[in-house]
Amino acid sequence: MAEILFSSWGGEVVDNRGKEPQDFETVGKVSLPEYFQQDEEIKALIGWYGIVLRSAEVNVVDLCRTYMEEVQQQSCGKCFLCRIGTRVIADTLGRLCRGQGRPADLELIAGLAESISESSKCNIGQSGPLPLLHALEHFADDFAAAAGGAAVPAGKYRSRLTAPCMDACPIHLDIPTYVECIKEGKFQESLEVIRERLPLPGVVGRVCVRPCEEHCRRANLDEAISIKFLKRFVADYELDHGREPEYQVVPSAKTGKVAIVGAGPAGVTCAYHLARKGHQVTIYERLGEPGGMSAVGIPDYRLPRQILRHEVEMIQKLGVTIHYNTEVGKDVKLSQLEADFDAVFVAIGAHLSSSMRVEGEDAGYQGFIPGVKYLLDINSGIDPYPEGKKVVVVGGGNVAIDCVRCSFRIGKEDVNLVYRRTEKEMPADDVEIHDAKEEKVNFHFLTQPIKVLAENGKVVGLECIKMQLGEPDESGRRRPEPVEGSEFVIDCDIVVPAIGQTIDLSLLEGVDNVKTTRWHTIVVNEDTKQTENPKIFSAGDCETGPGALITACAGGRKAAFNIDKFINDEPLVATENDYFDKFFSQVKVYDPQEEIGFIGGRPRYQLKMLPPDTRKYTFDEVEQGFSPQEAMAEADRCLRCYRVATIAVG
Amino acid sequence: MVKLTIDGKEVKVPAGTTILAAAKSAGISIPTLCFHGRLDPIGSCRMCVVEIEGCAHPMAACTTPVVEGISVTTNSERLQRIRKDSLKLILVNHPLDCPICDKGGECLLQDLVYEFGIDRVEYQTPKPERSSQYATPLIRYWPDRCIMCLRCVTACREIKGIGAIDIKGAGYGSQVVVIDEDKCQSCGECLQVCPTGALTENLSRYKGRPWLVKRVPTTCTYCGCGCQLELNVEQNRVMAVTTKEGKGVNRGSLCVKGRFGYEFINSEERLTKPLIKKDGEFREASWDDALSLVAEKFKSIKEESGPDAIAGLSSARCTNEENYLFQKFMRAVIGTNNVDHCARL
Ligand SMILES: Cc1cc2nc3c(=O)[nH]c(=O)nc-3n(C[C@H](O)[C@H](O)[C@H](O)COP(=O)(O)OP(=O)(O)OC[C@H]3O[C@@H](n4cnc5c(N)ncnc54)[C@H](O)[C@@H]3O)c2cc1C
Ligand code: SF4
Ligand code: FES
């Protein structure tokens with residue numbers, strides 16, 4: 001990796017200027033990618049935590065001017081110092097670069113930069129002038145030369161606005177803005193901001209795995225903003241007031257016919273974006289209702305079905321047709337769709353249960369029910385095995401937790417969960433684990449199933465062995481190892497494996513050039529979602545493996561944009577935004593160690609919940625939403641962590 | 001209760017109180033510009049920044065709730081520098097047209113610039129391009145004078161629940177614009193809260209200086225609500241209507257009629273005495289004569305054609321009690337159910 005000449009990123013000053021390369025100190029706080037895109041090197045970065053300089057060719061004065069100009073463009077105008085002060089600084093730097101500067105300018109902008117950074121209302125103003133102060137301190141000679149009239153060569157730059165939450169969100173919702181709208185009581189505007197990208201705010205606002213909240217800067221002070229429930233609040237508010245969204249349709253130059261396989265989150269999000277660009281969309285769905293796993297996997301007490309149906313209905317109003325109970329591969333061939341449509345989007349999810357590789361699982365015992373099937377039945381109002389009363393669910397993810405929590409709700413009496421590592425390693429959401437505990441699920445940690453026991457073809461128990469944690473494996477989690485001689489049996493009449501799902505690829509028969517991996521996922525170009533068959537695109541769980549709703553939606557959205565380009569004969573290539581996403585994922589927008597320098601002391605507002613003893617036996621929604629007052633007060637906690645990055649490229 | 005110290009003084013306030021309010025309760029004053037008692041804190045001016053021990057960043061006192069045990073400093077060199085910079089940046093382009101500004105003399109910006117002794121501004125940048133013409137026949141907007149404190153936007157949304165105006169655009173070019181023409185009712189709530197002369201009344205422009213007018217408290221006569229207002233009187237003419245923050249049932253708010261419908265008071269055409277038509281011509285009469293005439297006429301109509309030949313129409317400008325009495329009069333005295341009300345039509 002090409003060496004860094006100077007870095008002030010995150011308070012760590014490394015100055016290698018004038019040193020021999022072998023004496024260069026390394027930079028610990030940031031890893032600056034070498035290339036922005038092919039053939040475009042990154043020579044310097046200026047942004048919220050400082051300056052990183054790789055190439056001596058970069059003129060720091062011009063870099064600062066470009067950056068401060070961008071900061072000014074992104075200033076929201078809602079506080080005096082940032083609105084006017086960054087304009088004054090950008091103008092002054094502009095004069096310096098044109099050779100019209102005065103020595104007094106330097107002191108002037110330094111003082112102003114300090115005032116803006118110390119007192120601005122949000123992070124644009126707080127972080128914006130910070131690297132300028134670093135530059136004035138460490139590159140004083142360059143500034144003095146410019147003020148003395150030395151020529152300042154102009155470089156080539158790229159700038160982008162981001163925020164920690166926004167960057168972490170797979171679909172990159174403009175979270176600070178939608179939260180700010182709520183704070184100001186502009187609920188409809190807030191929804192419009194969300195719907196720019198995501199057509200399922202009510203669904204995602206209930207069950208999202210919320211990577212944004214894990215990257216929320218407010219957590220450095222007290223607790224993360226309740227981003228998910230704020231999204232739910234605006235969606236519910238619209239529904240409760242009998243309003244319907246007004247979607248704008250802006251037809252592309254050329255519009256076409258697109259077939260979508262699967263009405264899950266990926267499929268409907270893709271349909272929504274295509275329809276808004278004027279394309280004619282037809283969805284083929286195997287089941288009798290929309291939503292995919294969010295309808296037949298996620299139980300009603302977490303996501304009431306009518307919310308999902310309503311949001312899909314709204315998408316249908318855009319002219320999207322859905323053929324239910326139509327399985328592609330059986331009822332209609334994929335090759336037929338390929339022939340009949342201009343493009344096909346495959347979003348079939350991951351619906352086959354993975355095997356546990358234990359004795360007896362393939363024997364067809366009554367009472368042995370794969371997790372996905374178990375939930376599908378329950379969500380269709382069927383008790384999968386009325387005879388059984390004692391349940392053991394195997395697995396540590398959200399699917400496993402859904403299986404145990406649903407079991408009480410269909411009248412099962414004794415409910416157990418078996419997981420081979422400890423609670424700490426469970427991939428399930430902490431909140432879900434907590435709620436399941438409150439509902440009195442028996443957790444068996446460090447326990448591995450080894451044999452399904454049966455009598456007369458019916459399950460009677462699950463033989464397990466105790467585990468202990470050994471050395472960390474490649475995922476960084478400590479590998480569980482069996483404790484010899486510790487076998488024991490859990491009596492039960494239902495065993496539900498919920499350790500993962502795989503993808504049923506049988507529909508691909510008869511189409512060319514759609515490659516798959518050894519994990520049974522469909523291979524696509526990550527930037528365009530196109531398979532090697534130019535007409536066929538794919539995203540969602542069938543591309544990534546079992547994942548999260550929002551990731552599936554993000555994939556569907558990206559596919560829609562590229563299908564639109566494909567129909568319009570435009571080249572399918574990564575966009576500047578795609579490259580910035582990759583850039584940010586390496587540079588890291590959120591630093592959990594950052595000292596924010598404010599006082600906190602304002603914990604998040606909690607949702608009211610049904611009490612465990614009541615909720616445990618019903619499918620009624622457990623979490624009750626925010627009131628408008630609570631939502632506004634919660635939104636008021638947001639620090640509006642927008643920040644700008646400018647890179648010098650060449 | 002939360003305990004904290006402000007400038008070394010121990011203060012105890014209920015949880016949720018802002019630092020600004022806590023300071024005020026202890027008799028410590030912190031300069032503010034965008035803060036307005038009837039609005040949720042806005043946080044746009046940053047005049048109220050204070051330092052909190054252990055925190056690197058100054059924080060706005062108006063938007064920050066108190067936290068147990070903190071120690072707040074409301075004045076320091078650093079805070080003064082920030083406050084002065086905030087004002088100076090406003091002055092980069094705020095016109096110094098105080099001599100012809102209706103707000104001259106009661107302008108918060110003027111007061112603060114005076115208080116901080118800002119006699120020169122070393123910062124420069126050209127004027128922002130502001131195309132906005134937010135104005136109605138009654139309200140005048142002076143974009144150059146607007147400091148974008150956002151009090152008006154907040155009042156329109158929070159007090160009136162309307163949201164007809166909002167901030168649009170980015171950076172230096174952002175401006176206050178009407179986002180929905182149809183929603184604006186010209187109630188003037190915006191100009192009531194404007195700390196500068198950016199929003200003024202179109203009717204009373206250049207008619208009187210604030211320090212010369214006499215403010216006469218009275219009750220609005222337009223409806224039965226009983227809003228409290230102040231007539232701004234100069235040489236026995238009403239120049240404008242203002243309110244006192246938090247006063248009366250209206251707490252300082254008015255509607256378009258109450259705020260702007262005062263010109264009739266000094267109108268030449270206004271009737272101030274009853275008139276009785278005699279020989280085809282109106283002549284001034286006493287109230288006693290006029291009322292007796294009306295009573296006589298009612299009586300004779302009732303005798304000739306029965307009580308149902310008479311109908312009564314009451315007014316929304318009366319109180320509920322007056323309207324009650326009126327229908328009672330029509331039913332019990334005149335003897336008819338023919339009674340109605342203009343607000344019902
Ligand atoms: C029990 C459970 C709980 C979960 N909980 C959460 C959660 O809380 N939060 C979260 O973010 N994610 C959760 N997930 C994951 C989330 O539901 C999925 O990541 C998401 O639904 C994937 O969307 P998708 O559109 O790719 O696929 P799916 O939702 O699986 O949709 C695929 C659709 O394609 C249809 N289909 C498949 N094959 C064909 C065919 N041949 N012809 C026609 N139609 C076909 C299917 O019937 C289905 O409707 C959960 C998953 C499960 C199983
Ligand atoms: S505080 Fe607001 S802007 Fe900052 S990361 Fe959290 S949600 Fe995003
Ligand atoms: S009074 Fe606090 S920011 Fe304006």
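The values are calculated or read from the model by the stated rules, or taken from the named source; none is laboratory data. Please read all numbers here as calculations on a predicted model, not as lab measurements. Cβ atoms come from the backbone with ideal geometry, glycine included; neighbour counts cover every protein chain shown.
Please identify the pairs in which a residue from region B:40-64 that is charged (D, E, K, R) has its Cβ atom under 9 Å from the Cβ atom of a residue that is within 6 Å of ligand 3 (Cβ to nearest atom), counting only partners at least 6 apart or on another chain. As it stands, the answer is B:46/B:33; B:46/B:34; B:46/B:60, since those pairs meet every condition given. Looking only at region A:14-31, filter to residues that are under 29 Å from the mean Cα position of the chain (by Cα) and of a type in the set (Val, Ile, Thr); which one of those is nearest to residue A:48 (Cα to Cα)? The extreme case among them is A:30. Applying the criterion of being away from chain B (no Cβ under 14 Å) and closer than 29 Å to residue B:158 by Cβ to the residues of region A:199-217, the residue that is farthest from ligand 2 (Cβ to nearest atom) is A:202.
Conditions tested, residue by residue: (1) small (Gly, Ala, Ser); (2) in a loop (DSSP other than H, G, I, E, B); (3) modelled with pLDDT under 95; (4) over 30 Å from residue A:603 (Cα atoms).
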| position | (1), (2), (3), (4) |
| --- | --- |
| B:45 | no, yes, no, no |
| B:75 | no, yes, no, no |
| B:81 | no, no, no, yes |
| B:95 | no, yes, yes, yes |
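For region B:13-36, filtering for residues that are under 23 Å from the mean Cα position of the chain (by Cα), assigned to a loop (DSSP other than H, G, I, E, B) and either away from ligand 3 (no atom under 11 Å from the Cβ) or without any contact (Cβ under 8 Å) to a residue 40 or more places away in the chain (or both) leaves 2. Counting only helices (runs of 4 or more DSSP H) wholly contained in region A:537-615, the ones carrying 1 or more residues that are closer than 21 Å to residue A:523 by Cβ and either touching a residue at least 60 places away in the same chain (Cβ under 8 Å) or not hydroxyl-bearing (Ser, Thr, Tyr) (or both) occupy A:541-544, A:549-567, A:576-587. Taking region A:450-480 as the range and being exposed (fewer than 14 other Cβ atoms within 10 Å of the Cβ) and over 20 Å from residue A:416 (Cα atoms) as the test, the residues that pass are A:455, A:456, A:457, A:470, A:471, A:472, A:473, A:474, A:475, A:476. Restricting A:54, A:98, A:83, A:102 to residues that are buried (at least 24 other Cβ atoms within 10 Å of the Cβ) and charged (D, E, K, R) narrows the list to A:83. Scanning region A:63-91 for residues that are part of a helix (DSSP H, G or I) and facing chain B (nearest Cβ under 8 Å) returns A:72, A:73, A:74, A:80, A:81, A:83, A:84, A:85, A:86, A:87, A:88, A:91. Entry remark, region B:134-188: residues being among the aliphatic types (A, V, I, L, M) and away from every other protein chain (no Cβ under 13 Å) number 4 in total.
Answer yes or no: is there a residue in region A:312-324 that is within 12 Å of ligand 1 (Cβ to nearest atom) and not aliphatic (A, V, I, L, M). Yes - at least one qualifying residue is present in region A:312-324. Can you tell me which of (1) surrounded by fewer than 23 Cβ atoms within 10 Å (Cβ to Cβ); (2) within 16 Å of ligand 2 (Cβ to nearest atom) is the one residue B:68 doesn't meet? Against the list (1) surrounded by fewer than 23 Cβ atoms within 10 Å (Cβ to Cβ); (2) within 16 Å of ligand 2 (Cβ to nearest atom), residue B:68 comes up short only on (2). Restricting the first member to region A:628-650 and to residues that are within 16 Å of ligand 3 (Cβ to nearest atom), and the second to residues that are among the hydroxyl-bearing types (Ser, Thr, Tyr), the beta-carbon pairs closer than 9 Å and six or more apart or on different chains are A:636/B:63; A:640/A:177.
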